[in-house]
Amino acid sequence: MRPQDIIRHKRDGGELSREEIASFVQGVVGGEWADYQASALLMAVYLNGMTTAEMEALTQAMLHSGEILDLSHINAPEADKHSTGGVGDKTSLVIAPLAAAAGVCVPMISGRGLGHTGGTLDKLEAIPGYRVGLSLREFEDVLQRVGFAMMGQTAEIAPADKKLYALRDATETVESIPLIVASIMSKKLAAGLGALVLDVKTGSGAFMHDEGRARALARALVRTGNSCGVKTEALLTDMSQPLGVAVGNAFEVRECLDIMRGEVTDGTRPVRDLSVELAARMVALSGVADSLEAARADVVRALEGGAALERFRSNVEAQGGDPRVCDDPGKLEDWTLEEVKVESVRAGFVTAVDAAEVGRAVASVGGGRVRIEDRIDPAVGFLARAKIGDELKAGEALGLLYCRGESGAVEAAARIRAAYTVRDEPPMRVPELIKEVIAQ
Ligand code: URA
């Protein structure tokens, strides 16, 4: 098939066949398609969209451009969770051990943080010694022994996505729902899952700020996952302020350990509640529990009885980390950091937070990456004390920023202060954590 014919078909609003889509993906990976031809097709998709059948075919073609894990020797159903990312979004660290303790096998292939969003791999690396660069053999071994394993994307998994994402980035075609769906699903399905739960975030710290677009993405992801034979559900969740309290890698791990140790505060409760709900849906979709209610009860028992913490400890040991952090999460903190109180300049109610700006301010003091090659300082971060709806006095803390001296603390604190809107009147409503469940 000639690239020109496939490009024209999509340019003119047609529906591409499975063969045309496979020819495109193979041509991109094999080098038969020039970058300018692939970019032209990406733009045609951006402008004209794709049907569910096309999204499924694109996902399958990208998935089959690389290796798919065969975990059939593991005697438990495989399920995973994927979040579209946000600020303080640390639930993977609680969900994976929770779901594993409730009987699900969780092969979690995660990413790194970039810009305002954090990444699970960076959080795990805040644990001294923890290795995320496992070989596929090591990954399978940890899975078999612990019930969950965490690693980064390898060159063998969906190589078409790497190439296509770079072209999308250079041609302003990243924000196309069909292209996002195929990118996310091809990488997630490479873990050989039976069930997948998606956490699609919306609000100021989300990849998709607009709730309508986030809902459309969630629906497309769910339709495509199910049509690829993976039981898929999505929750549309709030990202209009940092999730929980901690923003910054070591602080976020500590928050998760505190939750698994039964130490939950008003500030960290959203992380606990969202983790329980997402893990319970993984357990229910996998058929390990008879109903969602039974799955919730299993998951809460695993959390409150300490089984999730024990799974986490086994995983940290198996992946080379120091398991003593499970007994003393304070070990993760660096007591040499400077503490800067970020104060509200006026009295009133917190009515809005620019969560992305909070994430960028933490990245600016070393807690995240501005560019992909930046090194991260795992210890620095921000503890967000004030939440939307809270009433503050003038000078009261919005939160505490921890950073190295001379690392731009004053500027970062000013950015965070400006990211919080404080008004005389309380907000019309406090955002709901879970806005909608999208099932097939
Ligand atoms: N995350 C991905 O993995 N791919 C996209 O295209 C967008 C977000």
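The values are calculated or read from the model by the stated rules, or taken from the named source; none is laboratory data. Being a predicted model, the structure only gives us computed values, none of them experimental. Here Cβ is always computed from backbone atoms with ideal geometry, including for glycine, and neighbour counts include all displayed protein chains. Note: areas computed on protein heavy atoms with side chains; ligands, DNA, RNA excluded. Shrake-Rupley method; radii C 1.70, N 1.55, O 1.52, S 1.80 Å.
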Please find, among Ala170, Ala166, the residue that is small (Gly, Ala, Ser), modelled with pLDDT under 95, within 13 Å of the ligand (Cβ to nearest atom) and surrounded by fewer than 22 Cβ atoms within 10 Å (Cβ to Cβ).
Ala166
Given (1) under 18 Å from Gly244 (Cα atoms); (2) surrounded by fewer than 16 Cβ atoms within 10 Å (Cβ to Cβ), identify the lone condition not met by Ala352.
(2)
Is there a residue being under 16 Å from the mean Cα position of the chain (by Cα) and within 16 Å of the ligand (Cβ to nearest atom) anywhere in segment 89-104?
yes
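Take the residues of segment 89-119 that are among the hydrophobic types (A, V, I, L, M, F, W, C) and open to solvent by 10 Å² or more (accessible area, probe 1.4 Å): which is farthest from Gly368 (Cα to Cα)?
Ala102
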Touching a Phe, Trp or Tyr at 6+ places or on another chain (Cβ under 7 Å) and surrounded by fewer than 18 Cβ atoms within 10 Å (Cβ to Cβ): is that true of Glu339 in this structure?
yes
Might you check whether a residue that is in the same structural domain as Cys228 (by TED's automatic domain parsing), closer than 30 Å to Arg385 by Cβ, out of contact with any strand residue (DSSP E or B) (no Cβ under 6 Å at 6 or more places or on another chain) and not in a helix (DSSP H, G or I) occurs anywhere in segment 77-86?
no
Which pairs turn up if I take residues in segment 346-367 that are within 15 Å of Arg429 (Cα to Cα) and look for partners that are part of a helix (DSSP H, G or I) with beta carbon separation below 7 Å, at least 6 apart in sequence or on another chain?
Val353/Ala419
What number of residues within segment 30-52 are open to solvent by 30 Å² or more (accessible area, probe 1.4 Å), free of Cβ contacts under 8 Å to residues at least 60 places away in the same chain and assigned to a helix (DSSP H, G or I)?
6
Are any of the residues in segment 380-392 of a type outside the set (Val, Ile, Thr), outside the structural domain of Arg254 (by TED's automatic domain parsing) and more than 22 Å from Pro431 (Cα to Cα)?
yes
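Being touching a Lys or Arg at 6+ places or on another chain (Cβ under 8 Å) and either modelled with pLDDT of 95 or more or under 30 Å from Val245 (Cα atoms) (or both): is that true of Gly129 here?
Details: touching a Lys or Arg at 6+ places or on another chain (Cβ under 8 Å): no; either modelled with pLDDT of 95 or more or under 30 Å from Val245 (Cα atoms) (or both): yes.
No, not satisfied.
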For Ser186, are the conditions met, namely being open to solvent by 10 Å² or more (accessible area, probe 1.4 Å), in contact with a Ser or Thr (Cβ under 7 Å, 6 or more places away or on another chain) and among the polar types (S, T, N, Q)?
no
Here are Gly205, Gly192: which of them is modelled with pLDDT under 95, outside any helix (DSSP H, G or I) and small (Gly, Ala, Ser)?
Gly192
The one condition Gly27 fails out of (1) under 30 Å from Leu433 (Cβ atoms); (2) touching a Phe, Trp or Tyr at 6+ places or on another chain (Cβ under 6 Å) is (1)
Could you check, for segment 303-321, whether at least one of its residues is surrounded by 24 or more Cβ atoms within 10 Å (Cβ to Cβ), touching a Lys or Arg at 6+ places or on another chain (Cβ under 7 Å) and at pLDDT 95 or above?
no
Only one of Glu175, Glu140, Glu156 is at pLDDT below 95, farther than 30 Å from Gly399 by Cβ and within 13 Å of the ligand (Cβ to nearest atom). Can you tell me which?
Glu175
Pick out the one residue from Gly66, Gly27 that is in a loop (DSSP other than H, G, I, E, B) and within 21 Å of Pro178 (Cα to Cα).
Gly66
Go through segment 288-334 and give me each residue that's out of contact with any Leu (no Cβ under 7 Å at 6 or more places or on another chain), β-branched (Val, Ile, Thr) and over 19 Å from Leu121 (Cβ atoms).
Val288, Val300
Can Arg375 be described as over 30 Å from Gln144 (Cα atoms), at pLDDT below 95, in a loop (DSSP other than H, G, I, E, B) and open to solvent by less than 60 Å² (accessible area, probe 1.4 Å)?
no
Anything in segment 198-244 that is more than 24 Å from Lys387 (Cβ to Cβ), within 15 Å of the ligand (Cβ to nearest atom) and open to solvent by 10 Å² or more (accessible area, probe 1.4 Å)? List them, or say none.
Arg213, Ala216
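From the list Leu143, Leu121, Leu179, Leu164, which one is in a helix (DSSP H, G or I) and closer than 22 Å to Val380 by Cβ? Break it down into steps so the answer makes sense when it comes.
Details: Leu143 fails: closer than 22 Å to Val380 by Cβ; Leu179 fails: closer than 22 Å to Val380 by Cβ; Leu164 fails: closer than 22 Å to Val380 by Cβ.
After applying the criteria, what remains is Leu121.
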Could you count how many residues in segment 70-88 are of a type in the set (Gly, Ala, Ser), open to solvent by 10 Å² or more (accessible area, probe 1.4 Å) and more than 16 Å from the ligand (Cβ to nearest atom)?
2
Pick out the one residue from Asp122, Asp161 that is in the same structural domain as Ala308 (by TED's automatic domain parsing), open to solvent by less than 20 Å² (accessible area, probe 1.4 Å), under 30 Å from Glu15 (Cα atoms) and touching a helix residue (DSSP H, G or I) at 6+ places or on another chain (Cβ under 6 Å).
Asp161
What number of residues in segment 316-350 are within 22 Å of Ala384 (Cα to Cα) and of a type outside the set (D, E, K, R)?
14
